[in-house]
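Q: My structure is below; once you've seen it, I'll send some questions.
The values are calculated or read from the model by the stated rules, or taken from the named source; none is laboratory data. The structure displayed is predicted, hence computed values, not measured ones. No Cβ is skipped: glycine too gets one built from the backbone with ideal geometry, and neighbour counts run over all protein chains shown. Keep in mind that these areas ignore ligands, DNA and RNA; they rest on the heavy atoms of the full protein, side chains included. Shrake-Rupley method; radii C 1.70, N 1.55, O 1.52, S 1.80 Å.
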Amino acid sequence: MTALSTEVPALKVERLRLARFTTLGVGGTSEVWTVHNHAQLAEAMRAPYRVLGGGSNLVVADEGVPERVIRLSGEFAQTDLTRDHALSGEEYVTGWVGGGVPLPGLLRKLQKLGLSNLEGTVGIPAQVGGAVWMNAGTRFGEMFDGLHTLEIVTPQGVRVVSPAELQWGYRQSGIPRGHIVTRVRLKLAPSTPQAVQDVMDQADMARKGQPKMRTPGCAFKNPGGIGAGKLIDDAGLKGYRVGNAMISHEHANFIVNLGGARAEDVQAILDHVRRTLNTPLELEYELWP
Ligand code: FAD
Ligand code: EPU
């Protein structure tokens, strides 16, 4: 019989192209620190750093970034969905779910268990920590609908907070940049697999008009109830292209990589949209650096 190893994998530091970690497929070589537990994370945070999630909201410079890029793995990529009876009332409060857990896989598990509150976020190719950090969502629901407790690591130490302590809202959690969401406990409503699936189907339907190409999702937040996509479309900018980046013909708030796009192409498009439209638009993408 082989004994199960409880050894924590060593901290890994590698120089890697960030393009492979982003849905846009753009980004130069940087120093990537893959951390598996709190001690390794504390070590990684001793010098200037950035934290990488699913890379689904990032436009990373072709030169890469000078800071350490932290990736959450090991205990930060584990999922414990057992009910914590001490914390649960009518709601189902889970054990800890790591910030490095891919959101799509988590949602599949919740659907099978018939646990509701996060199904509206289906189709968002993020990690849990990144999705929490910007309160990712759709009109069918957002991450803060299903959070009970957050563990956040800052250069000053570890904080455990409840959502009520944060100034969260549309596409924002109130968590300062650089504070790392390492784990969360979910607050879910017992439902049925079918009911959860029904909402996922509706949210999927609402996505039908989005491009299936390499992209970091919507470029701009919707300004006060108006769709940024509609504004950009009305300005006639669909198909506007710089290099190999282009405003999608399908949905004008998506910039797509036609193959070999560069970060500066995307930035040039963003500048052009801002110059063309009279409405101030807040960027949803993160530009690195
Ligand atoms: P990344 O892109 O890796 O990082 C984004 C920011 O989050 C960075 O500042 C990063 O430092 C920070 N971050 C990452 N992980 C952590 C962490 N553990 N702790 C603290 N900060 C962290 N968004 C929506 O809201 N709704 C949608 O419907 C939606 N649809 C999308 C569809 C597609 C096809 C794509 C490509 C993107 C879509 N997005 C959508 C955008 C994107 O998925 C979200 O912005 C998501 O929250 C990004 O999470 P991430 O883990 O990929 O973070
Ligand atoms: N529209 C146009 N032209 C376009 C795009 C949209 O006229 O090119 C119109 C649509 O016909 C519709 C309206 O604008 O009448 C709204 O469009 P859509 O339903 O696609 O929603 P959205 O507001 O553009 C938001 C989120 C998406 C999320 C979808 C579905 C933002 C910035 N965008 O898009 O989130 O997936 O709803 O819920 O809030 C993201 O944040 O990255 C993202 C993709």
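Q: Which ones in the stretch 201-239 are crowded, with 18+ Cβ neighbours inside 10 Å and under 18 Å from the mean Cα position of the chain (by Cα)?
A: Scanning the stretch 201-239 gives Ala203, Arg214, Thr215, Pro216, Gly217, Cys218, Ala219, Phe220, Asn222.
Q: If you don't mind, there's one more thing I want to ask. Tell me yes or no: at least one residue of the stretch 270-279 is away from ligand 1 (no atom under 14 Å from the Cβ), assigned by TED's automatic domain parsing to the domain that holds Thr121 and out of contact with any Leu (no Cβ under 6 Å at 6 or more places or on another chain).
A: No, there is no match, as no residue in the stretch 270-279 is away from ligand 1 (no atom under 14 Å from the Cβ), assigned by TED's automatic domain parsing to the domain that holds Thr121 and out of contact with any Leu (no Cβ under 6 Å at 6 or more places or on another chain).
Q: Moving on to the next point. Select, from Val8, Val13, Val26, Val35, the only residue that is away from ligand 2 (no atom under 16 Å from the Cβ) and within 17 Å of the chain's Cα centre (by Cα).
A: Exactly one residue qualifies, and that residue is Val26.
Q: Out of the residues in the stretch 38-75 that are among the aliphatic types (A, V, I, L, M) and away from ligand 1 (no atom under 13 Å from the Cβ), which is nearest to Ile124 (Cα to Cα)?
A: Ala61
Q: Which numbered condition in (1) within 16 Å of ligand 2 (Cβ to nearest atom); (2) buried (at least 24 other Cβ atoms within 10 Å of the Cβ) is the only one that Leu72 fails?
A: (1)
Q: Would you tally the residues in the stretch 100-143 being within 16 Å of ligand 2 (Cβ to nearest atom), over 12 Å from Thr79 (Cβ atoms), in contact with a Pro (Cβ under 8 Å, 6 or more places away or on another chain) and in a helix (DSSP H, G or I)?
A: 1
Q: Which members of the stretch 11-51 meet the condition of being in contact with a helix residue (DSSP H, G or I) (Cβ under 8 Å, 6 or more places away or on another chain) and in a loop (DSSP other than H, G, I, E, B)?
A: Passing the criteria: Leu11, Leu24, Gly25, Val26, Gly27, Gly28, His36, Asn37.
Q: Could you list all residues from the stretch 202-220 that are more than 9 Å from ligand 1 (Cβ to nearest atom) and either closer than 18 Å to Arg171 by Cα or β-branched (Val, Ile, Thr) (or both)?
A: Across the stretch 202-220, the qualifying residues are Ala219, Phe220.
Q: Taking Leu58 and the conditions (1) free of Cβ contacts under 8 Å to residues at least 12 places away in the same chain; (2) closer than 28 Å to Lys109 by Cα, which numbered condition does it fall short on, given that it satisfies the others?
A: It is condition (1) that Leu58 fails.
The rows are residues; the columns are (1) within 19 Å of Glu151 (Cα to Cα); (2) surrounded by 21 or more Cβ atoms within 10 Å (Cβ to Cβ); (3) out of contact with any Gly (no Cβ under 6 Å at 6 or more places or on another chain).
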{"site": "Thr29", "(1), (2), (3)": "no, no, no"}
{"site": "Pro48", "(1), (2), (3)": "no, no, yes"}
{"site": "Leu81", "(1), (2), (3)": "yes, no, yes"}
{"site": "Trp96", "(1), (2), (3)": "yes, no, yes"}
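Q: Being among the hydrophobic types (A, V, I, L, M, F, W, C) and within 21 Å of Ala136 (Cα to Cα) is the filter here, so list the residues in the stretch 25-80 that pass it.
A: Val51, Leu52, Leu58, Val59, Val60, Ile70, Leu72, Phe76, Ala77
Q: When residues of the stretch 144-188 are filtered for being out of contact with any Lys or Arg (no Cβ under 7 Å at 6 or more places or on another chain), aliphatic (A, V, I, L, M) and either part of a loop (DSSP other than H, G, I, E, B) or surrounded by 15 or more Cβ atoms within 10 Å (Cβ to Cβ) (or both), how many remain?
A: The qualifying residues number 9.
Q: Here is a check on your reading of the model: is Thr138 near ligand 1 (Cβ under 9 Å from one of its atoms), among the β-branched types (Val, Ile, Thr) and surrounded by fewer than 21 Cβ atoms within 10 Å (Cβ to Cβ)?
A: Criteria met by Thr138.
Q: Has the stretch 105-122 got at least one residue that is acidic (Asp, Glu) and open to solvent by less than 50 Å² (accessible area, probe 1.4 Å)?
A: The answer is yes, given that some residue of the stretch 105-122 is acidic (Asp, Glu) and open to solvent by less than 50 Å² (accessible area, probe 1.4 Å).
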